[in-house]
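The values are calculated or read from the model by the stated rules, or taken from the named source; none is laboratory data. All figures in this text were calculated on a predicted structure; none of them were measured in a lab. Counting neighbours? That spans all protein chains shown, and the Cβs are built from the backbone with ideal geometry, glycine included.
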């Protein structure tokens, strides 16, 4: 009898503990999923800003290789910012819209009824990709990165000093973006920062060198 009572008491106290454990694990999983989604968006924004930084700085360095005029450099950087932001936005919009079409089509195949699909899509609207939001985020991230070399060059009239200021500003931004990308991607921060820094330097150096070569050849 004592053993039966002990067993029943164990059973009575076992269920609440399991429920608490399940609830706690569920909350942890939900928090993990939310954090993961936020980290992916932030990491994509950092990569977009890095793209805007490197491409715009490289364009400005390329023009600076053959023209010392500050106006030409600023106009080139601004054109690169606008063109790059539009390109990123359109590309992201098309890509995410295609993903949205695929997911909706899959939902229709699974449910076999358009009415149920529309109801489910309305209930789970937040879980579906948003093309407009993705396009705006990509354009904004690219523009933020492109503003770094533009602002660095806008207030320096001396040609050589202007180039040095651009390189210094871009170097600091590359290290920052590399560190942020590593933190969000759970990668080694120093290695990632060095890799991003060397890549940005190479892009600027190659653009500057090739433009200088073509400009000196008289083409």
Exercise. Limited to region 168-219, what total is found for residues that are outside any helix (DSSP H, G or I), closer than 30 Å to residue 41 by Cα and free of Cβ contacts under 8 Å to residues at least 24 places away in the same chain?
Worked result: 3
Problem set entry | region 152-167 - residue that is in contact (Cβ under 8 Å) with a residue 40 or more places away in the chain and in a loop (DSSP other than H, G, I, E, B) and, of those, surrounded by the fewest Cβ atoms within 10 Å (Cβ to Cβ) | 157
Seminar exercise, completed: Log entry, pairs with first residue in region 99-115 being closer than 16 Å to residue 130 by Cα, second being assigned to a helix (DSSP H, G or I) and at pLDDT 80 or above, beta carbons closer than 9 Å, six or more apart or on different chains, reads 99/131; 100/131
Exercise. Is at least one residue of region 178-188 at pLDDT 90 or above, farther than 17 Å from residue 142 by Cα and exposed (fewer than 15 other Cβ atoms within 10 Å of the Cβ)?
Worked result: no
For this session: State whether the residues of region 88-104 include one that is over 24 Å from the mean Cα position of the chain (by Cα) and either surrounded by fewer than 21 Cβ atoms within 10 Å (Cβ to Cβ) or modelled with pLDDT of 90 or more (or both).
Result: yes
For this session: Please go through region 189-198 and pick out each residue that is more than 15 Å from residue 148 (Cβ to Cβ) and either in contact with a helix residue (DSSP H, G or I) (Cβ under 6 Å, 6 or more places away or on another chain) or exposed (fewer than 14 other Cβ atoms within 10 Å of the Cβ) (or both).
Result: 189, 190, 191, 192, 193, 198
For this session: Confirm whether residue 161 is within 17 Å of residue 70 (Cβ to Cβ) and more than 24 Å from the chain's Cα centre (by Cα).
Result: yes
